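The values are calculated or read from the model by the stated rules, or taken from the named source; none is laboratory data. A quick note: this is a predicted structure, and the numbers were derived from the prediction, not measured. Cβ placement follows ideal geometry from the backbone for every residue including glycine, while neighbour counts extend to all protein chains displayed.
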Amino acid sequence: MFKSLKFFVRSVIYGSLITGCALYGVVASIILRIIGKKEYAQYTVAKAFYSTFSTATGIKIKLVNEEILTQLPAVIISNHQSALDILILAKVFQPGYTVTAKKVLQYFPFLGWFMLASGTFFLDRAKGEKARKVLERALAGLKKEKRGLFMFPEGTRSGFTTLELLPFKKGAFHLAKQAGIPVIPVVVSNTSTIFNAKKKVFESGLITIEVLDPMPTTGLETNEDVTRFSEEVHKKMSDVVKRLGYSVPSNQANSELQSQDAEINAEDATDINTDSEAEVEVVTEVVSEVTPLKSKAT
């Protein structure tokens with residue numbers, strides 16, 4: 001009962017903050033356009049959302065190799081797991097980043113208005129020719145203004161509770177090839193231990209994101225080249241997913257700390273008992289060895 005109630009309350013907070021930040025984003029986007037800083041529109045809203053939601057829920061993100069994210073222009077890709085990926089975007093976004101989205105989203109109150117005002121590229125998948133022209137315009141802007149386009153090559157949320165990825169669709173890689181810009185892979189630890197809608201899980205905890213080195217698209221000429229390239233990127237990201245493992249819920253982290261404290265206390269008690277043994281006839285030598293204790297990062 002408590003678990004379901006916590007999931008509901010945190011989901012309401014999540015949705016409310018998205019709505020509030022989107023409304024803020026509409027105003028911020030208009031002002032930033034007026035002063036000639038439109039590339040900061042999605043960035044400033046992303047940071048506002050991450051800061052408020054992280055504070056409200058206790059979900060923290062450790063971002064490794066963040067400096068790579070500023071090596072633009074580029075197509076930035078990441079694994080796509082759940083609704084919590086909006087928080088991932090909020091942490092990763094840099095000035096000049098934008099996204100593609102389904103055209104229907106532009107009609108959503110607040111969120112759609114913000115996306116329109118901040119330069120999101122809307123795609124109508126039912127009209128391939130129009131979608132292609134939108135992407136061509138996006139690519140031209142990316143190269144000219146040295147910006148980043150963030151995409152999820154899996155195409156849909158995987159919802160995996162295992163350490164794996166869905167097969168990649170090749171759109172992001174064709175775009176990078178066409179523009180002659182690199183792909184920057186971003187790998188997120190499995191977040192099902194922190195958020196799982198089916199199991200009504202919504203916990204505080206630590207998510208780890210690792211940014212991999214940019215992968216150039218120079219030399220890609222044929223569709224087969226792009227396919228091989230996408231498979232290479234998929235393999236690298238899959239390996240890192242397995243290495244990063246699962247995100248760490250706060251309750252698990254606390255349990256590990258308590259376990260470590262118990263072990264330390266037990267060692268101390270053993271030392272005291274040994275030192276207080278009564279009848280030691282001859283003390284020939286005292287050897288003191290200090291062994292550093294290592295605790296897992298929380």
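Residue 51 satisfies every condition listed in (1) farther than 23 Å from residue 159 by Cα; (2) in a loop (DSSP other than H, G, I, E, B) except (2).
Scanning the range 155-174 for residues that are part of a helix (DSSP H, G or I) and either within 12 Å of residue 77 (Cα to Cα) or at pLDDT below 90 (or both) returns 171, 172, 173. Of the residues 92, 45, the single one that is surrounded by 15 or more Cβ atoms within 10 Å (Cβ to Cβ), in contact (Cβ under 8 Å) with a residue 24 or more places away in the chain, of a type in the set (A, V, I, L, M, F, W, C) and farther than 24 Å from residue 246 by Cα is 45. Note on the range 55-68: residues that are assigned to a helix (DSSP H, G or I) and touching a strand residue (DSSP E or B) at 6+ places or on another chain (Cβ under 6 Å) total 1. Of all residues in the range 9-21, those satisfying the criterion of being closer than 14 Å to residue 203 by Cβ and hydrophobic (A, V, I, L, M, F, W, C) are 9, 13. Here is the figure for the range 142-154: residues that are crowded, with 16+ Cβ neighbours inside 10 Å and at pLDDT below 90 total 1.
Screening 78, 29 for residues that are surrounded by 19 or more Cβ atoms within 10 Å (Cβ to Cβ), at pLDDT 95 or above and under 25 Å from residue 118 (Cα atoms) leaves exactly one candidate, 78. Using the structure shown, decide if residue 72 is touching a residue at least 60 places away in the same chain (Cβ under 8 Å) and either in a strand (DSSP E or B) or buried (at least 19 other Cβ atoms within 10 Å of the Cβ) (or both). Yes; evaluated as a whole, the condition is true for this residue. Residue 107: among the aromatic types (Phe, Trp, Tyr) and buried (at least 19 other Cβ atoms within 10 Å of the Cβ), yes or no? Taking the combined requirement at face value, the residue does not satisfy it. Within the range 112-125, the presence of at least one residue that is part of a helix (DSSP H, G or I), in contact with a Gly (Cβ under 7 Å, 6 or more places away or on another chain), at pLDDT 80 or above and among the hydroxyl-bearing types (Ser, Thr, Tyr) is confirmed.
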